[in-house]
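Enquirer: Just passing along the structure, written as structure tokens.
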Amino acid sequence: MLSVETHEASPWPDGLDWEGRASEAVAAALALTPYAALADAAPLVEVAVRLTGDDEVQALNRDFRGKDKPTNVLSFPQVQADLLEGLSNSDDGEILLGDIVLARETCAREAEEKGVPLADHATHLIVHGTLHLVGYDHMDDASAAAMEALEVKALASLGIGNPYGDEH
């Protein structure tokens, strides 16, 4: 069973069900991967989504990636990629898949630059972060294209347009 816990560490825009939106984004991303069975697995599979500000994300980015600047999203996988496949058959009580952290100011600025609602951009970043939790990356052109294609499909399933424009 999939559980998405959302924590608002700094104020994000009111009027949105951030918990529901994060849950939908994580589920949509997982559904397109070889790990789709995790959503219905016997153990509780948990993803934590932290909605915070640029200051906290900058500190995390500095401490864990050596980059002393804010970024839009950070992902912290808690399960090694080579162990993911067997998790749906695990008899553990719960499995923490990982953490996703979003920076409000950076997300809001990017959404404005792209001309999209903040909620849609944040959903895209949660999908992106979820894919990182299950081993996807964008370190080369081929893996970036594969990851972006999954993001586009996941977002389409949620009624959100292609964030990459006509590239895909």
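Enquirer: In whole Hz and in residue order, list the ³J(HN,Hα) couplings for the range 25-38 that follow from phi through the Karplus curve 6.51 cos²θ - 1.76 cosθ + 1.60, θ = phi - 60°; x for Gly and Pro.
Expert: Values per residue, Gly and Pro as x: 5, 5, 4, 5, 5, 4, 4, 9, 10, x, 9, 4, 5, 4 Hz.
Enquirer: In the range 2-159, if the dipole is taken from +1 on Lys/Arg beta carbons and -1 on Asp/Glu beta carbons about the Cα centre, which of Tyr35, Gly93, Thr52 is farthest to the positive end?
Expert: Highest projection toward the positive end goes to Thr52.
Enquirer: Among rounded, prolate and oblate, which fits the chain when a ≥ b ≥ c are the square roots of the eigenvalues of its C-alpha gyration tensor, a/c under 1.5 means rounded, and a/b larger than b/c means prolate?
Expert: rounded
Enquirer: Next up: Rounded to the nearest 500 deg cm²/dmol, what is the calculated helix-only ellipticity per residue at 222 nm for the chain, with -39500 (n - 2.57) per DSSP H run of length n ≥ 4? Display every interim value, and only then the final one.
Expert: Values: 5 runs with 70 residues, N = 168.
Mean residue ellipticity, 222 nm, calculated: -13500 deg cm²/dmol.
Enquirer: Quick one: which residues, 5 or more positions from Glu46 or on another chain, have an amide H under 5 Å from its amide H? H modelled 1.01 Å from N in the peptide plane, none for Pro or chain starts.
Expert: Ser3, Ile95, Leu96, Leu97
Enquirer: Between Asp63 and Ala36, with labels modelled 7 Å along Cα→Cβ, what's the label distance in nm to one decimal, could you check?
Expert: The modelled label-to-label distance comes out at 3.8 nm.
Enquirer: Relative to the longest principal axis of the C-alpha atoms of the chain, give the angle of the C-alpha long axis of helix 104-114, reported between 0 and 90° and rounded to the nearest 10°.
Expert: Approximately 70 degrees, to the nearest ten.
Enquirer: Would you work out which of Ala22, Leu2, Val116 lies farthest towards the positive end of the dipole of the chain, given +1 charges on the beta-carbon of Lys and Arg and -1 on that of Asp and Glu, about the Cα centre?
Expert: Val116
Enquirer: May I pose another question? How would you order 100-109, 126-135 from highest to lowest mean count of nearby Cβ atoms within 10 Å?
Expert: 126-135, 100-109
Enquirer: Let a ≥ b ≥ c be the square roots of the eigenvalues of the Cα gyration tensor of the range 1-69; is it rounded (a/c under 1.5), or, if not, prolate (a/b larger than b/c) or oblate?
Expert: Cα axes put the range 1-69 in the oblate bin.
Enquirer: Could you size up the charge dipole of the range 2-159 around its Cα centre, putting +1 on the beta carbon of Lys and Arg and -1 on that of Asp and Glu, and report it in debye to the nearest 20?
Expert: Value, rounded to 20: 300 debye.
Enquirer: Per-residue HN-Hα couplings for the range 60-72, Karplus 6.51 cos²θ - 1.76 cosθ + 1.60 at θ = phi - 60°, whole Hz, x for Gly and Pro?
Expert: Here the 3J(HN,Hα) series is 5, 4, 5, 5, 9, 10, x, 10, 8, 7, x, 9, 6 Hz.
Enquirer: Mind listing the long-range amide H neighbours of Thr6? Cut-off is under 5 Å, sequence gap 5 or more, other chains count too, H placed in the peptide plane at 1.01 Å from N.
Expert: Here the answer is Val49, since their amide H atoms fall under 5 Å of that of Thr6.
Enquirer: For the chain, find the longest principal axis of its Cα atoms and tell me its angle to the long axis of helix 118-133, 0 to 90°, nearest 10.
Expert: On a 0 to 90 degree scale, this one is about 40.
Values quoted throughout were computed directly from the atomic coordinates according to the rules given, and no laboratory measurement underlies them. Predicted model only: the values in this text are computed from it and were never measured. Don't worry about glycine lacking a Cβ; one is built from the backbone with ideal geometry, like all the others, and counts go over all protein chains shown.
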